[in-house]
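One structure below.
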Amino acid sequence: MEVFQGKAIFGGIAIGPISFFAKEEKQVKRVKIEDTQAEVERYEAAKETAMEELGGLYEKALKEVGESGAQIFEVHQMMLEDDDYNDSVKNIIVSQSVNAEYAVATTGDNFSTMFAGMDDEYFQARAVDIKDISERVINVLMGIGHAKISDEPSIIVAEDLAPSETVQMDKSKLLGFVTRLGSSNSHTAILARTMNIPALIQVDIKEEWNGKMAVIDGFSGEFYIEPEPEVLEEYRVKKAEQEERRRLLAEQRGKATVTKSGKAIKLFANIGSVSDLPSALENDAGGIGLFRSEFLYLESDTYPTEEEQFKAYRMVAETMAGKKVIIRTLDIGADKQVGYFNLDKEENPAMGLRAIRICLTRPEIFKTQLRAILRASAFGNIAVMYPMIISVEEVRKIKAIMEEVKKELDEAGISYGEVEQGIMIETPASVIISDLLAQEVDFFSIGTNDLTQYTLAIDRQNAKLDEFYNSHHEAVLRMIEMVVDNAHKAGIWAGICGELGADVTLTERFMAMGIDELSVSPTFVYPVRQKIREYDGETK
Ligand code: PEP
Ligand code: MG
């Protein structure tokens with residue numbers, strides 16, 4: 001048995017024989033052409049065929065993996081229609097009197113080298129896409145079909161996989177895949193997550209593995225070649241358990257989150273980082289109701305730049321493909337300390353300089369984040385919400401800062417989308433003045449974790465207080481009801497993003513109160529959906 005370590009891009013276990021995926025070698029020759037006009041027309045015709053193929057792949061992916069996974073083929077179509085790309089191909093044909101295959105291969109190489117050299121992970125990942133579309137056109141020109149995978153269900157091991165190769169594979173034969181190249185940002189990785197396929201990247205693959213038995217552990221990133229019988233057995237049991245869990249819950253997949261009386265509830269997922277996205281997708285979340293953006297700061301040794309934040313937010317927005325993504329602005333302090341902020345030690349950190357208080361005292365940090373959020377909003381359906389609010393004045397200050405940032409972006413000619421602004425209701429003060437706050441914002445999201453701590457005066461970190469901590473305390477439940485009433489009076493929606501939202505023993509009560517949204521850890525989406533669909537009482 002040999003064990004290799006890779007980077008897991010989708011959790012799950014795959015067991016089966018390895019099928020080494022070798023791309024058909026093709027030699028693109030440089031051939032002198034007399035009639036360059038006819039060669040340009042041959043290119044145009046091949047491009048049209050490639051466009052049609054991409055249209056077909058889009059439809060196939062749409063059916064199998066949904067809009068977010070299918071989008072890449074629209075992107076490929078756009079790339080293939082790109083003027084610079086086409087001008088380059090035609091220019092090479094005409095100016096050098098050469099064949100279309102050679103012109104496409106040269107253009108593909110030039111463009112992908114250019115993308116790969118860019119100082120931006122997103123564009124670097126596009127280098128593969130350029131190669132992919134160029135190969136597609138060359139294949140059409142040369143009359144070559146697509147690489148095939150084994151007829152037996154197998155684990156595909158490859159140097160790299162293009163999105164089109166991934167989607168063309170017969171899903172029933174694809175147990176998982178392992179590649180040497182690829183990034184977790186690549187569209188192939190996104191597709192793997194969307195297709196629920198255990199996958200590893202950055203594994204030192206070997207062609208001699210072809211046909212050998214293997215196990216992918218998509219949780220730990222381990223790849224076992226010819227596993228020992230005990231290891232194999234252990235993974236068979238794990239896989240069976242995982243499949244049973246999935247089967248039971250997947251019955252809820254694709255079902256609308258609507259009560260029996262007909263009220264549609266937004267059932268969203270909470271995520272702490274981009275790596276939680278697969279789980280949100282796998283569990284069929286209707287959106288992201290709480291993206292705890294502070295992870296970007298916690299994982300870093302210094303302030304994350306606007307560009308780093310922008311990339312993360314855009315990735316989430318793009319992956320959720322038009323579904324709502326609510327980004328909560330920086331919530332550090334209290335239990336989430338970040339050294340480089342150089343915050344003074346406090347007697348009472350939970351009631352100290354934290355969350356929005358830091359942002360308002362250090363607006364340059366706040367503005368960087370808002371710029372990144374606004375820029376990312378051009379790529380999806382982003383909303384923003386602010387934590388730890390206690391007053392109307394704070395909200396007005398925040399909105400003024402937001403306006404400043406928008407003005408700066410306007411002046412710089414940078415586009416952004418419509419971004420709803422909401423606040424977290426997690427202090428008793430915000431509950432009591434929720435009628436006033438509702439006049440200022442687009443939505444409320446109740447943070448029951450902190451709201452319970454501040455209402456019951458129980459430190460949520462202190463394990464010794466567990467016996468006093470009653471998450472169903474009537475005070476907290478009445479507060480939730482009051483917030484929902486005040487939201488509705490002002491015509492805005494209210495949801496819960498604290499842990500209580502996932503407590504299925506309270507779902508009926510939340511429905512009766514008129515809650516509009518619940519945002520829960522991804523694995524709770526299905527159980528909560530089931531409860532909501534069973535609810536047949538009144539909703540306020
Ligand atoms: C909350 O307080 O309920 C909440 C959702 O935020 P966090 O747990 O990140 O403080
Ligand atoms: Mg909180």
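The values are calculated or read from the model by the stated rules, or taken from the named source; none is laboratory data. Given the structure is predicted, the values throughout are model-derived calculations rather than measurements. Glycine gets a Cβ as well: all are built from the backbone with ideal geometry, and neighbour counts include every protein chain shown. These accessible areas exclude ligands, DNA and RNA; they are computed on the full protein's heavy atoms, side chains included. Shrake-Rupley method; radii C 1.70, N 1.55, O 1.52, S 1.80 Å.
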Estimated vicinal HN-Hα couplings, Hz - the stretch 344-350 in sequence order (Karplus 6.51, -1.76, 1.60; Gly, Pro = x): 5, 5, 10, 5, 9, x, 5
From Cα pairs below 8 angstrom and at least 6 apart in sequence, can you work out the relative contact order of the stretch 236-324, rounded to a whole percent? 23
What percentage of the solvent-accessible surface of the stretch 252-534, computed with a 1.4 Å probe over protein heavy atoms, is contributed by carbon and sulfur atoms? 50
Solvent-accessible area per residue for the stretch 36-142 (1.4 angstrom probe, square angstrom): 43
Which order do peptides 359-369, 475-485, 341-351 fall in by mean Cβ count within 10 Å, highest first? 475-485, 359-369, 341-351
The chain: calculated mean residue ellipticity at 222 nm from DSSP helix runs of at least 4, using -39500 (n - 2.57): -14500 deg cm²/dmol
Sort 285-297, 223-235 by the packing proxy (mean of other Cβ within 10 Å over each peptide's residues), most packed first. 285-297, 223-235
To the nearest 10 degrees, how steep is helix 121-142 against the longest Cα principal axis of the chain, on a 0 to 90 scale? 30
Principal axis extents for the stretch 457-540, Cα atoms only, whole Å, descending order, please. 39, 29, 20
Which of LYS32/LYS131; LYS47/LYS324; LYS63/LYS407; LYS255/LYS489 have a Cα-Cα distance over 32 Å? LYS47/LYS324; LYS63/LYS407
Across the stretch 252-534, what fraction of all alpha-carbon pairs, as a whole percent, falls in each successive 5 Å bin from zero upward? 1, 6, 13, 17, 19, 18, 14, 8, 3, 1, 0, 0
Hey, could you pull the Cα Rg and Dmax for the stretch 36-142, both in Å? 14.2, 44
Which value in nm describes the separation of the simple spin-label points at VAL3 and ARG245, placed 7 Å from the Cα toward the beta carbon? 2.0
Taking a ≥ b ≥ c as the square roots of the Cα gyration tensor eigenvalues, with a/c under 1.5 meaning rounded and otherwise prolate when a/b beats b/c, else oblate, which class fits the chain? prolate
Give me a comma-separated list of calculated 3J(HN,Hα) values for the stretch 27-41, in order, Karplus coefficients 6.51, -1.76, 1.60 applied at θ = phi - 60°, integers in Hz, x for any Gly or Pro. 9, 8, 9, 8, 10, 6, 10, 7, 8, 5, 5, 5, 5, 4, 5
